[in-house]
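The values are calculated or read from the model by the stated rules, or taken from the named source; none is laboratory data. As the structure is a computational prediction, the values presented were derived from the model and not from experiment. Every residue, glycine as well, gets a Cβ built from its backbone with ideal geometry; the counts of neighbours run over all protein chains shown. Accessible surface is based on the protein model in full, side chains and every heavy atom, while ligands, DNA and RNA are left aside. Shrake-Rupley method; radii C 1.70, N 1.55, O 1.52, S 1.80 Å.
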Amino acid sequence: MILIGVAASVLLMFPAISAYSGYSLTDVSSALADQGAAFEQSSQRILEGTDSRTGLLLVQSLLAPLTLVALPLAALYWFERRRGLVVFLIALAVPVVTSIMVGRDQQLGWALIVVGAAWVISRYRRDIGIRWRDMIVLVGSAVIFALLFAMRKASRGLEGAFCPPGAVECLGMREERTLFDAAFQSMASYMSQGMEGLGRAFETEWAFGGGLAHSPAVNDLLARLFGFQEAPSVSAQLGEVGWSATWYWSTAITSFANDIPWILIPFLFILQGLVLGSSWVSSLRDGDFLSVGVFVLTWLGVLYTPQNLQLAASGPTYIGYVVLLLAYIFRAGLRQLDRAPRGARRAPRAPGRSAVLPN
């Protein structure tokens, strides 16, 4: 399963880079030298719509259950057995190279989260746990990542200041900003922008979005295929309250509210917690394809909740996750049926005594 998933990821990387960045893989040095140009070029490709890459999206959706789990499984295999390092590095190279070619950070963030989750699973499966020195290394790594993140933002060469609505201080407005200032501002913006959007979303009037409005990618695809009009969901009304549903974040809560009344959303998070807990236990016990995949992806979705509904932002990702989740739930149901008593069989009657049922 690991080899198939990694091979599919590598093969899909070539057309995906061409479709989303306009570069070919041989242009990696050019994209790395000018991340600002790579970011602008990929943004333009996204604004052009998905008509030119419908076939690619279809193939990505079909292979998503394999490609989504390839990296965490390869990482878990390496952490536990110290085998398959080359396969793990190839799987890790796919999101790193893709991130460079499109000038965006999403792929790097995904890779960091899923590899970290696989590492935690491997530790507990080997009964090691997280020690103090591990925490020190993790904190140090987080600081280094934040600084590298700020350096990459600066390397894009974006001119002017970024002033989203509600910002107390615009990014890039300080004179003589240090690298720590840039890192702090970027992280603060990432963590707070969604909450500003959520506050504005509360000012809208709730309306049922049709059932798929929480996933713009899938909803837009169906709208083009069948020609129906988008419902006036919460996200569709954000422009009326001075926000944007496409350029700014509004948390995963707002996305859920496109199809679920506000008062029911806490119950959705309870269900998400049950899936997370169940897949965590199953990952520790079995460490199999479905358990690890559902746990890692659900955990990733939880971490992104203050920003957006990350798992539903991409059509192939959303479809792949739903397929994995349904397969996991179906398998769990079958296991419960297997554990259920099949009916106690009666023991032979002894003369003059009542039948005795076995324990």
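Here are the numbers for the structure shown:
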quantity	calculated
Given (1) touching a residue at least 60 places away in the same chain (Cβ under 8 Å); (2) part of a helix (DSSP H, G or I), index of the condition ARG104 fails	(2)
Residue list for segment 190-216, restricted to those being buried (at least 18 other Cβ atoms within 10 Å of the Cβ) and within 27 Å of ARG104 (Cα to Cα)	GLN193, GLY194, GLU196, GLY197, LEU198, ARG200, ALA201, LEU212, ALA213, HIS214, SER215, PRO216
Tally, over segment 99-109, of residues that are touching a helix residue (DSSP H, G or I) at 6+ places or on another chain (Cβ under 6 Å) and open to solvent by 20 Å² or more (accessible area, probe 1.4 Å)	3
Boolean, LEU212 is over 17 Å from the mean Cα position of the chain (by Cα) and within 23 Å of LEU47 (Cβ to Cβ)	yes
Pairs where the first residue, in segment 256-270, is under 14 Å from ALA201 (Cα atoms) and the second is open to solvent by 60 Å² or more (accessible area, probe 1.4 Å), C-beta under 7 Å, 6+ apart	ALA257/TRP206; ASP259/PHE208; PRO261/TRP206; TRP262/TRP206
Every residue from segment 261-305 that is open to solvent by less than 30 Å² (accessible area, probe 1.4 Å) and over 23 Å from GLU80 (Cβ atoms)	ILE265, GLY301, THR305
Helices (runs of 4 or more DSSP H) within segment 27-98 that include 2 or more residues aromatic (Phe, Trp, Tyr) and open to solvent by 50 Å² or more (accessible area, probe 1.4 Å)	54-81
Inter-residue pairs, beta-carbon under 9 Å, first farther than 13 Å from PHE289 by Cα and in segment 315-329, second among the charged types (D, E, K, R) and in a helix (DSSP H, G or I), 6+ apart	GLY315/ASP220
Selection count where residues are within 11 Å of GLY209 (Cβ to Cβ) and either among the aliphatic types (A, V, I, L, M) or in a helix (DSSP H, G or I) (or both), scope segment 255-269	4
Cβ-Cβ under 7 Å pairs, at least 6 apart or on other chains, segment 107-134 side in contact (Cβ under 8 Å) with a residue 12 or more places away in the chain and among the basic types (Lys, Arg), far side part of a helix (DSSP H, G or I) and open to solvent by 30 Å² or more (accessible area, probe 1.4 Å)	ARG125/GLU80; ARG125/LEU284; ARG126/GLU80
First in segment 11-39 and within 23 Å of ASP51 (Cβ to Cβ), second anywhere and of a type in the set (Lys, Arg) and open to solvent by 40 Å² or more (accessible area, probe 1.4 Å), Cβ under 6 Å, 6 or more apart	TYR20/ARG45
